[in-house]
Amino acid sequence: MSGTRGWMAVLLLALCVGTAGAAETVEASRADGARTPLRVYAPARSAPCAPLALFSPGLGADERSYAYLAQALADDGWRVVVMGHRESGSKPLHEALREDGIKAGVRAMVTDPALYRDRQLDVDAALRWARRICAPPFVALAGHSMGGVTTMIEAGARDLLGVAGQDRFDAYVVLSPEGPQPVFAPHAWRGVRKPVLMLTGTRDAGVGGDWHWRTEAYADLPPGCAWLGVIDGASHFNFGGIGPGHAEVTPLVVAATRDFLDGARAGACPALHAAAGLRLQHK
């Protein structure tokens, strides 16, 4: 993030995550013996096996976060699982902030390879748990901020941390994507081949500068089915469903994400439509 104000945004997001609505909280076993908390939103429409959307929260957030988006996708017929990444949740973040201060503590965590490997284990555990219910016909991975890094690593973006993803999903959604440095190499995204939607906002600053830095990931994606949405006035908080102005931002996030995933699930690159406050690009 840009300056102390940006690092404060991460802290506030961790402290002010929204809690989920009607959903079930379970735990899934990881390969290393740890357990991953999952917040599961059942699909509103009856189907033999619903499509699956996993969500990876940002630093300091947990499985109760992003309820606005999870519930909307469940209402649209998806089974939604929000993962709780314990090693990069609120307690470890608060400890890092207390020891190192805001800027250094956050930076140390978002560039720690071990935390991304733990997140990969959480993704594995969530997939195995969901597939015990049924074999979903379509699987998507979405994430915000550090969860967006997790998502892009899984999709095949080349990181500088030595963490490799497996590209096990049919489509990807990234809220507040990270540009090059400190996690991703220049041109890290050229190997991503699946449909991707990236969303940022004009107040969504990051470690590389203002919101334009976040669009560099989209610019590097190969042609195929890639979309970028920029929401006027949207801050980093707003994608978490909090902060001033979030009530205007979250419906735009929901609509773009829902339309993108429904189109990709139907086997076509969706034709997304701009709305008041939302600018779109595609290639």
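Worth pointing out:
- Comparison of 97, 141, 121 shows that the only residue that is in contact (Cβ under 8 Å) with a residue 60 or more places away in the chain and open to solvent by less than 20 Å² (accessible area, probe 1.4 Å) is 141.
- Filter result (polar (S, T, N, Q) and either open to solvent by less than 10 Å² (accessible area, probe 1.4 Å) or over 24 Å from residue 249 (Cα atoms) (or both)) within region 37-77: 46, 56, 65
- Helices (runs of 4 or more DSSP H) fully within region 70-150 counting 1 or more residues that are at pLDDT below 95 and touching a helix residue (DSSP H, G or I) at 6+ places or on another chain (Cβ under 7 Å): 90-100, 102-110
Quick grid of which residues meet (1) out of contact with any strand residue (DSSP E or B) (no Cβ under 6 Å at 6 or more places or on another chain); (2) modelled with pLDDT of 95 or more:
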| site | (1), (2) |
| --- | --- |
| 228 | no, yes |
| 235 | no, yes |
| 243 | no, no |
| 252 | no, yes |
| 256 | no, yes |
| 266 | yes, yes |
| 276 | yes, yes |
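- Inside region 100-118, residues that are hydroxyl-bearing (Ser, Thr, Tyr) and surrounded by 22 or more Cβ atoms within 10 Å (Cβ to Cβ) make up a count of 1.
- Filter result (surrounded by fewer than 24 Cβ atoms within 10 Å (Cβ to Cβ) and charged (D, E, K, R)) within region 144-160: 158, 159
- Within region 164-185, the set of residues being within 16 Å of residue 108 (Cα to Cα) and either touching a Cys at 6+ places or on another chain (Cβ under 7 Å) or of a type outside the set (D, E, K, R) (or both) comprises 181, 182, 183, 184.
- Criterion applied to 239, 260 was being out of contact with any Cys (no Cβ under 6 Å at 6 or more places or on another chain), under 18 Å from residue 139 (Cα atoms) and buried (at least 16 other Cβ atoms within 10 Å of the Cβ), and the one residue passing it is 260.
- Selection count where residues are open to solvent by less than 30 Å² (accessible area, probe 1.4 Å) and not aromatic (Phe, Trp, Tyr), scope region 166-177: 6
- Scanning region 57-81 for residues that are in contact with a Leu (Cβ under 7 Å, 6 or more places away or on another chain) and within 18 Å of residue 115 (Cα to Cα) returns 58, 59, 60, 61, 63.
- Helices (runs of 4 or more DSSP H) within region 167-283 that include 1 or more residues without any contact (Cβ under 8 Å) to a residue 24 or more places away in the chain: 211-220, 246-265
- Filter pass, residue 34 being aliphatic (A, V, I, L, M), without any contact (Cβ under 8 Å) to a residue 40 or more places away in the chain and open to solvent by 20 Å² or more (accessible area, probe 1.4 Å): no
The values are calculated or read from the model by the stated rules, or taken from the named source; none is laboratory data. As the structure is a prediction and not an experimental result, all values here were calculated from the model. We place every Cβ from the backbone using ideal geometry, glycine too, and count neighbours over all the protein chains shown. To get the accessible areas, we keep the full protein, side chains included, count just its heavy atoms, and leave off ligands, DNA and RNA. Shrake-Rupley method; radii C 1.70, N 1.55, O 1.52, S 1.80 Å.
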